[in-house]
């Protein structure tokens, strides 16, 4: 009986984790200029920002009176976004040709 209950709990936790991960990539992040994390990860930022800018340009052309501050511009996400950034000395000294894992040491030059 204990195994069945434990198995059901594990299945429930796995289902909840899957839902959480899916939801994370489906909503817009203000820190990423209202883009989805998955779009930033897979390099679709330039196309999305350009499409949004075209819409803003068209809206401004049609109704300039609505834009009292002038032509609106679509913001781009920051060049680098971290949840837990590594120490800056490790980033500066890393060799881009050598991938590093969580347990590898990076030589600082």
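The values are calculated or read from the model by the stated rules, or taken from the named source; none is laboratory data. Values in this document were obtained by computation on a predicted structure and should not be read as measured data. Using ideal geometry, Cβ is built from the backbone for each residue, glycine included, and neighbour counts are taken over all protein chains shown.
For the stretch 62-85, what are the residues that are assigned to a loop (DSSP other than H, G, I, E, B), free of Cβ contacts under 8 Å to residues at least 12 places away in the same chain and exposed (fewer than 12 other Cβ atoms within 10 Å of the Cβ)? Answer for the stretch 62-85, where residues must be assigned to a loop (DSSP other than H, G, I, E, B), free of Cβ contacts under 8 Å to residues at least 12 places away in the same chain and exposed (fewer than 12 other Cβ atoms within 10 Å of the Cβ): 63, 68, 69, 70, 79, 80, 82, 83, 84, 85. The single residue among 59, 47 that is assigned to a helix (DSSP H, G or I) and surrounded by 12 or more Cβ atoms within 10 Å (Cβ to Cβ) turns out to be 59.
For the stretch 1-35, a tally of residues being assigned to a loop (DSSP other than H, G, I, E, B) and modelled with pLDDT under 75 returns 1.
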